[in-house]
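K.L.:
The following block contains the structure, expressed as structure tokens.
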């Protein structure tokens, strides 16, 4: 299956929601002020964000669409072009490239976001790109998280540094950093405890991990990536807001996009926070983490091809 086909399947619900919404609004097949208002309201309800919805409304108001053409298809073309122009700056395709020096990636996310599974998928892509990869099991609050990460390490054939449940998470990260430097690894992925963004003590522990690795390399962590569950709706924006306050995020990964009709949240996130999208989870299989490609995303979200 091609990457586009995976995107297309993953965004099927979102694409169907958008097209059916437009079709219900444009029964008369004409765009007037009333239908423009309804389109804007519909886009906001589809989680594309107030700013993006307003900009798309203004573009539609200025466009002269031939009434003899398929109006839904023409609107989707306009939407596709808007997505490409507004989101291209937020691609981060070089994230998975081979690194010459040790690259430290700190992964955060609330419980249930698919964080640990996503780490396994990232590690697999890193390894496929000829990186020497090591994992740090710094989610020591749950024995299941340590075991899950170890299973991933064994499955894809990468190293892991771990400790017992209840150990100091920062100390595990520190040991992993030391080991990675001594043994010439070039990708270290640090798992952190799944936490709610409003739990101050856990957020402080998360910050401590970042500070500890800086003792070995002041530039570390080189990447701070937040894993988000697409089915969480508007709560996603709150998570990004709070995590970004603690340590500025360098990338986002959205999981479970195949389970929601509101993939437009990606537009809202990039518009508001200007944080790159690293990858998208479009299924349950180990190869279903796809590197974010704005054109494939736009094609799949509108599905006009």
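The values are calculated or read from the model by the stated rules, or taken from the named source; none is laboratory data. All values reported here derive from a predicted model rather than from experimental measurement. When we count neighbours, we look across all protein chains shown, and the Cβ atoms used for this are built from the backbone with ideal geometry, even at glycine.
K.L.:
Restricted to the stretch 170-218, and to residues that are assigned to a loop (DSSP other than H, G, I, E, B) and modelled with pLDDT under 95, which residue is farthest from the chain's Cα centre (by Cα)?
P.N.:
199
K.L.:
Next question. Has the stretch 65-78 got at least one residue that is over 20 Å from the mean Cα position of the chain (by Cα) and within 30 Å of residue 238 (Cα to Cα)?
P.N.:
yes
K.L.:
Checking the structure you have, find out if any residue of the stretch 37-51 is in contact with a strand residue (DSSP E or B) (Cβ under 7 Å, 6 or more places away or on another chain) and crowded, with 18+ Cβ neighbours inside 10 Å.
P.N.:
The answer is no; no qualifying residue exists.
K.L.:
Across the stretch 238-268, which residue is modelled with the lowest pLDDT among those that are surrounded by fewer than 18 Cβ atoms within 10 Å (Cβ to Cβ) and in a helix (DSSP H, G or I)?
P.N.:
259
K.L.:
Inside the stretch 237-248, can you point out the residues that are within 17 Å of residue 271 (Cβ to Cβ) and touching a helix residue (DSSP H, G or I) at 6+ places or on another chain (Cβ under 6 Å)?
P.N.:
Within the stretch 237-248, just 240 meets the criteria.
K.L.:
Can you confirm whether the stretch 220-233 contains a residue that is more than 26 Å from residue 268 (Cα to Cα), surrounded by fewer than 20 Cβ atoms within 10 Å (Cβ to Cβ) and in contact with a strand residue (DSSP E or B) (Cβ under 8 Å, 6 or more places away or on another chain)?
P.N.:
No, the conditions are met nowhere in the stretch 220-233.
K.L.:
In the stretch 113-140, how many residues are out of contact with any helix residue (DSSP H, G or I) (no Cβ under 8 Å at 6 or more places or on another chain) and farther than 24 Å from residue 283 by Cα?
P.N.:
Residues flagged as out of contact with any helix residue (DSSP H, G or I) (no Cβ under 8 Å at 6 or more places or on another chain) and farther than 24 Å from residue 283 by Cα within the stretch 113-140 amount to 3.
K.L.:
Could you list, in sequence order, the residues of the stretch 233-264 that are more than 29 Å from residue 187 (Cα to Cα) and free of Cβ contacts under 8 Å to residues at least 40 places away in the same chain?
P.N.:
235
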